[in-house]
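Undergrad: What follows is a structure written as C-alpha cells; I'll ask about it next.
The values are calculated or read from the model by the stated rules, or taken from the named source; none is laboratory data. A quick note: this is a predicted structure, and the numbers were derived from the prediction, not measured. Glycine also receives a Cβ, built like all others from the backbone with ideal geometry; neighbour counts cover every protein chain displayed. Areas reflect the complete protein model, heavy atoms only, side chains present, ligands, DNA and RNA absent. Shrake-Rupley method; radii C 1.70, N 1.55, O 1.52, S 1.80 Å.
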Amino acid sequence: MAHLLLLSSPLSISLCFFAWLQGFVVVHGNTNLTRSSFTPINRNLYHSSGDLMEEIKALVFRHPDRLTFDTIKSRNKGYSAEIAVVTYCRRRQETDDRPKFRILLSFGQHGRELITSELALRILSILSKEQFLPNLDPASLDHTLDKLLIKMVPMENINGRRIVEAGDLCERRNGRGVDLNRNWSVDWGKKEKDYDPYEENPGTAPFSEPETQIMRKVAMSFDPHIWVNIHSGMEALFMPYDHKNTTPDGVSSHQMKSLLEELNHLHCQRRCMIGSGGGSVGYLAHGTATDYMFDIVRVPMAFTFEIYGDGAASSRDCFKMFNPTDFGTFNRVLNEWSAAFFTIFKLGPNQLGENYSKTSVPTLDKWVSIDEYLDGYLVERSSRYGKKMEVLELGMQEIRTYFRLFLLSSVLLLFMFCSRISKGKCARPIVSAIAL
C-alpha cells in the first residue's frame, strides 16, 4: 500500500499539472496553441510578395513590345514605400497617334487580401498571351485591346503584405498602421459610431501616406476613363459613393450601373451585390480611393470590386475569410474575374462612346488645392496621349511650407499696413469749418 502511494504521488502531480495547463490554454485563448486552428497561407496556391513581383518583372521582360514596368518611391517622416506600375499597350513600339481608352486598376490595397494580387498576375499573363480565356476570340480580343492603354498596380500595399506574410494574417493597413483606403481627401477623417481604429485608421491627414501620394500622382497624370479598386471579403460590384448612402446623379451614374449589371449577369450569375458602397455594404467609409477618383480626378466610371469572401469563416480566421483556400475555388475565382475584366475592356469604351475625351467635364470641377497641384500635377505630369513632360523633382514638403509662410506673412503685413493707416487717420487734428 505504501509502495502504491509512492508511485501514485508523482502521477497525481503530473495529472494536476496537465489539467492546469489545459485550463490555462482555454482561458488564454490567444496562445499559439489556439492559433493553430486558424487557416495559414497556402504556399502551394499563393506566391510570396517577392516571388509574385519577380514573376511580373519576368513577364514584362519577355514582352517588351506590350508591357513596361516602373517603380515609384516615396517617403514621409521616416516611412518609405514603393509601388510597381505595369503599363500595357498592345502596339507600344508602333507609332499610333489615336487617343486611347485609359484604364487604371489597383490590387492589393489591403495586405490580407492576397487573392487580388494573384488576379493581377493572371490578367497580365492573359494580356501577354501566355495564358488564355476560354470562349474568347483572339482576333476580337486584339481589336479590343488596340484601343486601350491599361495601367495596373499589382500590389499597392507591399509593406502591409509583408506583415501578413510574417504571420499577422488579419492586417489590412500599411507598414505604419494606416488604412490606405481611408487616407484620401474626400470626406476624410469622419468617424462613424462603429469606427474601429485598428481597422480604419485614416492617418494624420489626407495623403499622409507615401502609398496614397504615389497613387494620386499616377491617377492625376494618367487621367483614366475607368478606375477599379480590387478587394476581397465579399462578392460585390460597387460604384460611388462610399461616404454616403447615395449614387451620383446624371449620365455617368447610368453608365456605371449599366456596366455593373452586365458584369453581374455574365460573370457573377447575379449573386454579386450592386450599388453604392455606402448604401450596399452596411456601413459608410470615409476617405476612400474610389470616391476621390470620381469626385476629384473626375473619372467617368469609378468602381470598387470585391472578388471573394467566405461568409462562414470566423472573423478571426482572416486568411480563409478573404482568400480561397482550395485549388478549385482559387482557379474559379481567377478565371471568372479575369473574364469579367476583359468584358470591361470590351464594353467600357462602348459605354462612353467613341469619343473618349473628358473635356465635357467642367474645368472648374478639376480645381485642386496647392498640395494636390504640386504632388499630382507638377511631378512627372503626362498628357492624355502619353507624352511625358520631365519636370525637376521638387521638395514638396519644403515648397508647401514656404508657400504657407509666404501667405501668412503677406496677410500679417497687410494687416499691419491697414492698422497703420487707420491709426494715422485717427491722429490727425480736427479742423473746424466754422470761423471762430
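Undergrad: Taking all protein chains as present, what is the carbon and sulfur share of the accessible area of region 49-352, in % to the nearest whole number, probe 1.4 Å?
TA: Carbon and sulfur together cover 49 percent of it.
Undergrad: Sorting Cys268, Cys418 by accessible area (1.4 Å probe), largest first, what list results? Walk me through the numbers on the way to the answer.
TA: Values: Cys268 5, Cys418 75 Å².
The ranking, largest first, comes out as Cys418, Cys268.
Undergrad: Work out from phi, with θ = phi - 60° and the Karplus expression 6.51 cos²θ - 1.76 cosθ + 1.60, the ³J(HN,Hα) of each residue of region 217-227, listed in order in whole Hz, and give x for Gly and Pro.
TA: 4, 4, 5, 4, 6, 7, 6, x, 8, 10, 10
Undergrad: Please give the FRET efficiency for Ala312 paired with Phe403, using the beta carbon to beta carbon distance and R0 = 60 Å, rounded to the nearest 0.05.
TA: Working: r = 54 Å, r/R0 = 0.89.
That pair, Ala312 with Phe403, gives E of 0.65.
Undergrad: 5 Å is the cut-off here: which amide hydrogens, built 1.01 Å from N in the peptide plane, fall below it relative to Tyr308, excluding neighbours closer than 5 in sequence?
TA: HN-HN under 5 Å from Tyr308: Gly233, Met234.
Undergrad: Here is a further query. Which whole-Hz couplings ³J(HN,Hα) result when phi for each residue of region 248-263 is put into the Karplus expression 6.51 cos²θ - 1.76 cosθ + 1.60, θ = phi - 60°, listed in order with x for Gly and Pro?
TA: x, 8, x, 5, 4, 5, 5, 5, 5, 5, 5, 5, 5, 5, 5, 5
Undergrad: Now for a separate question. Might you work out the accessible area of Ser48 for me, using a 1.4 Å probe with all protein chains in place, and round it to the nearest 10 Å²?
TA: Its heavy atoms expose roughly 40 Å² to the probe.
Undergrad: Sticking with this one: Can you give the FRET efficiency for Lys57 and Asp194, using 1/(1 + (r/R0)^6), R0 = 51 Å, r = Cβ-Cβ distance, to the nearest 0.05? Please list the in-between numbers first.
TA: Details: r = 41 Å, r/R0 = 0.81.
It comes to 0.80.
Undergrad: Right, here's the next one. Work out the FRET efficiency for Ile421 and Thr68 from their Cβ-Cβ distance, taking R0 = 60 Å, and round it to the nearest 0.05. Intermediate results must be reported in sequence, preceding the final value.
TA: Numbers: r = 61 Å, r/R0 = 1.01.
With a Förster radius of 60 Å, E is 0.50.
Undergrad: With a 1.4 Å probe and every protein chain left in place, tell me how much accessible area Lys257 has, in Å² to the nearest 10.
TA: Roughly 100 Å² of Lys257 is accessible to a 1.4 Å probe.
Undergrad: Further question: Counting only residues 5 or more places away or on other chains, whose amide H sits under 5 Å from the amide H of Phe303 once H atoms are built in the peptide plane?
TA: Trp227, Val228, Asn229
Undergrad: For labels at Asn135 and Asp223 in the simple 7 Å Cα→Cβ model, what's the distance in nm?
TA: A separation of 3.8 nm, rounded to one decimal place.
Undergrad: Can you list the residues of region 209-245 with backbone N under 18 Å from a point 7 Å past the Cα of Leu347, pointing along Cα to Cβ?
TA: Once the point is set 7 Å along Cα→Cβ of Leu347, 225-230, 235-240 turn out to lie under 18 Å by backbone N, inside region 209-245.
Undergrad: Using θ = phi - 60° and the Karplus relation 6.51 cos²θ - 1.76 cosθ + 1.60, list the HN-Hα couplings for region 73-82 in order, rounded to whole Hz, with x at every Gly or Pro.
TA: Here the 3J(HN,Hα) series is 10, 8, 8, 8, 6, x, 10, 10, 8, 9 Hz.
Undergrad: As an exercise, identify the GluC sites (Glu not before Pro) in region 100-152 lying in DSSP coil whose Cβ has no more than 16 other Cβ atoms within 10 Å. Numbers along the way, then the final one.
TA: On the way: sites: Glu113, Glu118, Glu130; in loops: Glu113, Glu130.
Of the GluC sites (Glu not before Pro), the ones in loops of region 100-152 whose Cβ has at most 16 other Cβ atoms within 10 Å are Glu130.
Undergrad: Can you pull the accessible area of Cys272 for me, 1.4 Å probe, Å² to the nearest 10?
TA: 10 Å²
Undergrad: With a ≥ b ≥ c taken as the square roots of the eigenvalues of the C-alpha gyration tensor of region 49-352, please select rounded if a/c is under 1.5 and otherwise prolate if a/b is larger than b/c or oblate if it is not? Please list the in-between numbers first.
TA: Details: a/c = 1.31, a/b = 1.24, b/c = 1.06.
Rounded.
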